[in-house]
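Report on the following structure.
Where a number appears in this text, it was derived from the coordinates with a stated rule and is not lab data. As the structure is a prediction and not an experimental result, all values here were calculated from the model. As a convention, Cβ positions derive from the backbone with ideal geometry for all residues, glycine included, and neighbour counts pool all protein chains shown.
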Amino acid sequence: MGNQQATRRVSFEREQTGLIAISDSVAQRLRNADGGGKSGARTEQKSSSSSASSREDFSKESLSGSSSHSHQPPPEAAYSFHHSSQPSPTQLEEQSKALAQLEEQWQERYKRLEGDTERIKLTSAEEFNKAVKNVETLFESKAYTVGSPDLQKAVMDCYKENTTRSLKCTKEADAFIKSIEDYKLAFLSKQIA
């Protein structure tokens, strides 16, 4: 029971000066986190009385460059975060000039890319239209008359008259099939020649 670590919540408060302050007890716990220090009433009393002296010690150590407690994290002064102050008017002016120059560069680049995109679009449309015309010339619909139209009509009439006896139309069907084969041979001989 005593060895279990409890989850603690830490809240930070922001002061007017731009620093984030944490309580002395949190700073003490952070210092003792590596050393495995015991928490309790004695540690909390010690932290409140020693927080001012530890801040002074830390500032002296950081100024002198020597560290007597190298294994412990720095006191709560190190956990404060300082936000930069307002920029000077000259800095603001330089920043606005730099931003204006960047804006101009990006506008130029945007216009150039728009022009490139428009040219690509036109080129693609032209190439597509050429391809469509090419395909249309390859697959022009031609009115082919395969076989003899008279023989085809004779076969259809025979089948209409003999709906239940289609074998009576074999003579007409054979004549029509022969005319189709003759047409195929003539067409292929033209392609080869």
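Computed quantities for the displayed model
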| read-out | value |
| --- | --- |
| Isotropic mean projected area of the C-alpha convex hull, the range 101-149 (nm²) | 4.1 nm² |
| Karplus 3J(HN,Hα) series, Hz, for the range 182-190 with 6.51 cos²θ - 1.76 cosθ + 1.60 (x for Gly, Pro) | 4, 5, 4, 4, 5, 5, 5, 5, 5 |
| At most 11 other Cβ within 10 Å, DSSP loop - chymotrypsin sites (Phe, Trp or Tyr not before Pro), the range 97-174 | F139, Y144 |
| Candidates per trypsin sites (Lys or Arg not before Pro) in the range 154-193, loop by DSSP, up to 10 other Cβ within 10 Å | R165 |
| GluC sites (Glu not before Pro) within the range 118-193: DSSP coil, no more than 13 neighbouring Cβ in 10 Å | E140 |
